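See structure below.
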Amino acid sequence: MRRSGRALFGTAPATRGTAPALALAAATALSLVVTALCALPVAAAARPAADAGRSPAAHGAHVAPAAVRRPAIVVAPLGHPGPLLGSRGQSPNWAGYDVTSGGPFTSAAADWTQPRVRPSAAYTDAAFWVGLDGDTQDPLDDPPQTVEQIGTEGFTLSGHVFYDAWYELYPAPARFISAKKLAVHAGDHLSASVVWTAAAARVAGFTLTLVNHTTGKTFTDFAAEDRLPIDPVRSSAEVVAEAPSLADQTILPLARFGLATYRDCAFEGQPIADFDWAQIGMVSADTGKVVAATSALGSDGATFAVNTDFRRPTTTVSGAAGWHDTAVTLVFKATDDPGGTGVAYTQYSLDGGATWTKGRSLTLAAPSDHSADGATVVWYRSADKAGNLEREHACTVRIDTQPPVPVVTPPAAVARGGRATVGFRVTDPRPGSPTVTVTLRFRDDHGRLVKKVVVPGRRVGAPLAYSFTCLLAKGSYRVTVSAVDAAGNPGSVAPSTSLSVL
């Protein structure tokens, strides 16, 4: 982080004097101790690795009580395999793009929107910056080397999220930019640059600039070359999202920020694509899993994204259950995980996934000509803003617009107290509902309803019967049979038969 941020690649160390493509740059160490988590961050103390044994107070740091102290931060060692033309590497603490050939460099610049960091009970951190010399291979065997960086960060502690801005001109201490000068909030549009001015134009040195376009605030610092204790090498340029390290070189958990998109990324005023760039992804040295993925450069050669969201969204659907005799509207509801980037879109397919249509709802008609009757399979899925595409799900919409037709058997007779059986069956034009609810009504000679029976879930087309112990008074009864199918269509007629009780 702030920071001689270093990319650590998987290339084996090489002996001194080997080809530059295998040379290892020496690492420097930068330790920061930050005091209370308040609205105005205080400056931290920094020191070379040789001073690691000294206490922060010996270097002028204001040390807060342990309960509110952030960890001391130090950069990880660098192991860089040299110029990487259009190459892809991995690092335990960097994600982004850098260039290490074509220098010395005089400028690096980029725009980004401050990502919203997800709260965490643990200490997590993420820094977003541009700079020079962060991936420098010192031509001498005797480090340290220079670093010129400026950017923002978001970190979490005890479930709270904090944002700040900072800059570094290593080996000088990294410094926080006070909120009075330039505050940072999630969603702010920022641009940053580091520019070297040669002595021919004016006093040689670096101008570091950070602009918050949302608040209208601008911070600028100029460091004259004669104020720098070490001559700058200017042999690398970077645009990076970083997970900082503790003083013991343990890399902190990267704060989950979903998606960070860098735009107008330029070295020497030219897009990244014009250089021998290295695309760096952050991979955990412990688990080997990707922690932050770096996208390919956009078509303009100056845009890319760093992503910590690898979980697919989840989509549910309502409105499909059962059979329907009218138009059916499906409503899709998609959610992303709490640390995700949010749902970008939902889409559905009616042809088995051959084509997809974006939409959060879909209405399937039920025309009176019955042309849509039957089962229609609808596939659906969603994608989040990080590009994670959900696996397809399917639901079945069943439409039946034709009424069932009940049919009764011939009249029956039973002795009072005996077992009476009324036979019937129900047909329903295909394709249609597989079951019906049947209602039997028994009326006496005067037309009075003396018995009503509802029989649900009867199979269409099968011979059916209703049996009961007949306690009806002796006489003749008219039995009508009506049916409603599973889609809600009532039978157009209610045929009848008779039951004689002897």
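The table for this structure:
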| item | result |
| --- | --- |
| Neighbour-count ranking [beta-carbon atoms within 10 angstrom, fewest first] of 235, 492 | 492, 235 |
| Gained length - residue 355 relative to residue 462, 0.36 nm times residue gap less alpha-carbon distance | 34.5 nm |
| Area projected by the alpha carbon convex hull of the range 314-399, averaged over all directions, nm² | 5.5 |
| Distance in nm between pseudo-label sites at residue 392 and residue 249 (7 Å out along the Cβ direction from Cα) | 5.0 |
| Charge dipole of the range 405-501 about the Cα centre (unit charges at C-beta), most positive-ward option of 406, 488, 471 | 471 |
| Rounded, prolate or oblate (a/c below 1.5 giving rounded, otherwise prolate when a/b exceeds b/c) for the range 170-285 by Cα gyration tensor | rounded |
| Partner lysines for residue 217 [C-alpha distance under 21 Å; skip if fewer than 8 residues away on the same chain] | 180, 181 |
| Mean Cα-pair separation over length for the range 114-233, i.e. relative contact order, pairs under 8 Å, 6 or more apart, % | 24 |
| Percentage relative contact order, the range 405-501, counting C-alpha pairs under 8 Å, at least six apart | 39 |
| For 324, 189, order by how many other beta-carbon atoms lie within 10 Å, fewest first | 189, 324 |
| Lysines with Cα under 29 Å of residue 358, excluding same-chain neighbours fewer than 8 positions away | 333, 385 |
| Low-density loop cleavage sites - chymotrypsin sites (Phe, Trp or Tyr not before Pro) in the range 185-262, where at most 15 other Cβ are within 10 Å (DSSP) | none |
| Taking 238, 268 and counting other C-beta atoms within 10 Å, the order from fewest to most | 268, 238 |
| Linear extension gain, residue 331 paired with residue 198, 0.36 nm per residue minus alpha-carbon span | 41.6 nm |
| Radius of gyration and maximum dimension Dmax of the range 405-501, Cα, Å | 13.5, 43 |
| Normalised contact order of the range 314-399, rounded percent, pairs of Cα under 8 Å and 6 or more residues apart | 34 |
| Backbone HN-Hα couplings from phi across the range 117-129 [Karplus 6.51/-1.76/1.60, Hz, Gly and Pro as x] | 7, 7, x, 8, 5, 8, 7, 10, 8, 8, 10, 10, 7 |
| Karplus 3J(HN,Hα) series, Hz, for the range 473-485 with 6.51 cos²θ - 1.76 cosθ + 1.60 (x for Gly, Pro) | 5, 4, x, 10, 10, 9, 10, 9, 10, 10, 9, 10, 7 |
| Cross-link reach list, lysines versus residue 452, counting only Cα pairs under 30 Å and skipping chain neighbours closer than eight places | 474 |
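A short reminder: the numbers here are calculations on the coordinates, not readings from a lab. For clarity, every value in this text was computed on a predicted model and none was experimentally measured. Virtual Cβ from ideal backbone geometry, glycine too; neighbours counted across all protein chains shown.
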